[in-house]
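Chemist: After the structure tokens below, expect a handful of questions from me.
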């Protein structure tokens, strides 16, 4: 079973089918389940934040799964969007190309151009 099967059993299906062999499974990670459940909605995030305080009390994964199962109501299915950082790699590549052109035209090194930019605080654009 994957982590998403556990999440669907907790939120959408409300089946305890995955509870039978949860101690043998290495796929069940309480941290990841908690994280994905909190990304479903803000009300789930509040519940997950409360669970974080008391999750250390439980010894086995079966009890933790039961806690998740009993605390969350059945909810309509929706895709859970994962929050991730937006990378500006294109902007960095463009800046590097401009720096290379400046270094070539001014007959300076790339390091010297970067130092000048940092000195002038010119890279806020």
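The values are calculated or read from the model by the stated rules, or taken from the named source; none is laboratory data. From a predicted model like this one, the values you see are computed outputs, not experimental measurements. Here Cβ is always computed from backbone atoms with ideal geometry, including for glycine, and neighbour counts include all displayed protein chains.
Chemist: Given the structure, is residue 43 modelled with pLDDT of 85 or more and surrounded by 14 or more Cβ atoms within 10 Å (Cβ to Cβ)?
Modeler: When the stated conditions are applied, residue 43 does not pass them.
Chemist: Which of the residues spanning the range 65-94 are surrounded by 11 or more Cβ atoms within 10 Å (Cβ to Cβ) and at pLDDT 80 or above?
Modeler: Scanning the range 65-94 gives 65, 66, 67, 68, 69, 71, 72, 75, 80.
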